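Student: My structure is below; once you've seen it, I'll send some questions.
The values are calculated or read from the model by the stated rules, or taken from the named source; none is laboratory data. From a predicted model like this one, the values you see are computed outputs, not experimental measurements. Quick reminder, even Gly has a Cβ in these numbers, built from the backbone with ideal geometry, and neighbours come from all protein chains shown. Just the protein is used for accessible areas: all its heavy atoms, side chains included, with ligands, DNA and RNA removed. Shrake-Rupley method; radii C 1.70, N 1.55, O 1.52, S 1.80 Å.
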2 protein chains.
Amino acid sequence: MSVEIERKFLVRSDAWKALAQGVAMRQGYLSTHPDRTVRVRIEGEIATLTIKGRTQGFSRGEWEYEIPLADAAALLNDICERPRIEKTRTRIVHEGMVWEVDEFFGDNLGLVVAEIELASETQTFARPDWLGEEVTGDARYFNSSLLKRPYTSW
Amino acid sequence: MSVEIERKFLVRSDAWKALAQGVAMRQGYLSTHPDRTVRVRIEGEIATLTIKGRTQGFSRGEWEYEIPLADAAALLNDICERPRIEKTRTRIVHEGMVWEVDEFFGDNLGLVVAEIELASETQTFARPDWLGEEVTGDARYFNSSLLKRPYTSW
């Protein structure tokens, strides 16, 4: 297990788009229970199965396993809850820290969130100009919530 | 993915107990949704994560991955739904076919079921003397159901 410490923000401009190339991601859920989410994800040629526990503060237990691409495709097509989440992830380095900017499509079209992974809950970091309001801990923005109440329905 | 074709029976005597040595199993669920169960199991020193789709007839899609024992112990202790299932599994060969006899403890004390895995839905097999009534497809006997409505509550 690793403990995931993440902070999540909206963006306030498209300036991040010029900074790096994004990669397409497709993901779905076998469980969206907040105490135990189970996610299937395909990113490029890599497929993973990820289990996460309940979020406590900025932290969450996480267990991740790589699985065969064909298994992930079958799970996404036949077994995962509908709808699936489709997004483009862009990794941007800003003053030595990696930001992951997720631009959503489909039912969540228009939503863009930027996440940073930290080594501790108190670690400080520089905020890029394009960064907007913090939404860490706002359950509406959990990927598992975006399945049930997509952004376009807010 | 493999397709699992199983038939499940009760037993009508304890005669199976003299035929082989059982092994202790501990398992819990990250999802008990009938369309997508996700199971964590420790059997001896081997831990697995198993995803199963909806049962159709005697068949069910199944994807299984071995995971580190320490991960499985943490998932069972901290993340899986309560209660967990504790049972002893005894593998018995009868006329060339393997029977798995599961004797349950805890909330399911008193329940014993015998399962056989088949290569096709029409495959025939010899029935041991100790075999009882068939319960294939009876959802009460699914391990995922035994969590919510344990045998001692029937």
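Student: Can you name every residue in region A:23-41 that is open to solvent by 30 Å² or more (accessible area, probe 1.4 Å) and more than 9 Å from chain B (Cβ to nearest Cβ)?
Tutor: Hits for region A:23-41 are A:Val23, A:Ala24, A:Arg26, A:Pro34.
Student: What number of residues in region B:53-80 are of a type in the set (D, E, K, R) and either at pLDDT below 95 or at positive phi (or both)?
Tutor: Summing the residues that are of a type in the set (D, E, K, R) and either at pLDDT below 95 or at positive phi (or both) in region B:53-80 gives 4.
Student: Can you tell me which residues in region B:58-80 are aliphatic (A, V, I, L, M) and either open to solvent by 30 Å² or more (accessible area, probe 1.4 Å) or without any contact (Cβ under 8 Å) to a residue 40 or more places away in the chain (or both)?
Tutor: B:Ile67, B:Leu69, B:Ala70, B:Ala72, B:Ala73, B:Ala74, listed by residue number.
Student: Could you list, ordered by first residue, the pairs with Cβ atoms under 6 Å in which the first is in region B:42-57 and surrounded by 15 or more Cβ atoms within 10 Å (Cβ to Cβ) and the second is of a type in the set (Gly, Ala, Ser) and outside any strand (DSSP E or B), at least 6 apart or interchain?
Tutor: B:Ile42/B:Ala72; B:Ala47/B:Ala72
Student: Which condition number does A:Ser145 fail, the rest of (1) touching a Leu at 6+ places or on another chain (Cβ under 8 Å); (2) in a helix (DSSP H, G or I); (3) more than 23 Å from A:Trp16 (Cα to Cα) being met?
Tutor: A:Ser145 satisfies all of (1) touching a Leu at 6+ places or on another chain (Cβ under 8 Å); (2) in a helix (DSSP H, G or I); (3) more than 23 Å from A:Trp16 (Cα to Cα) except (1).
Student: List the number of the failed condition for A:Asp138; all other conditions in (1) closer than 15 Å to A:Glu6 by Cβ; (2) at pLDDT 95 or above hold.
Tutor: (2)
Student: Let me ask another. If A:His94 satisfies all but one of (1) in contact with a strand residue (DSSP E or B) (Cβ under 8 Å, 6 or more places away or on another chain); (2) over 22 Å from A:Leu147 (Cα atoms), what's the number of the condition it fails?
Tutor: If we test A:His94 against (1) in contact with a strand residue (DSSP E or B) (Cβ under 8 Å, 6 or more places away or on another chain); (2) over 22 Å from A:Leu147 (Cα atoms), just (1) comes out false.
Student: Any residue that is in a strand (DSSP E or B), surrounded by fewer than 16 Cβ atoms within 10 Å (Cβ to Cβ) and either within 11 Å of chain B (Cβ to nearest Cβ) or touching a Lys or Arg at 6+ places or on another chain (Cβ under 7 Å) (or both) - is there at least one of those in region A:128-136?
Tutor: The answer is yes, given that some residue of region A:128-136 is in a strand (DSSP E or B), surrounded by fewer than 16 Cβ atoms within 10 Å (Cβ to Cβ) and either within 11 Å of chain B (Cβ to nearest Cβ) or touching a Lys or Arg at 6+ places or on another chain (Cβ under 7 Å) (or both).
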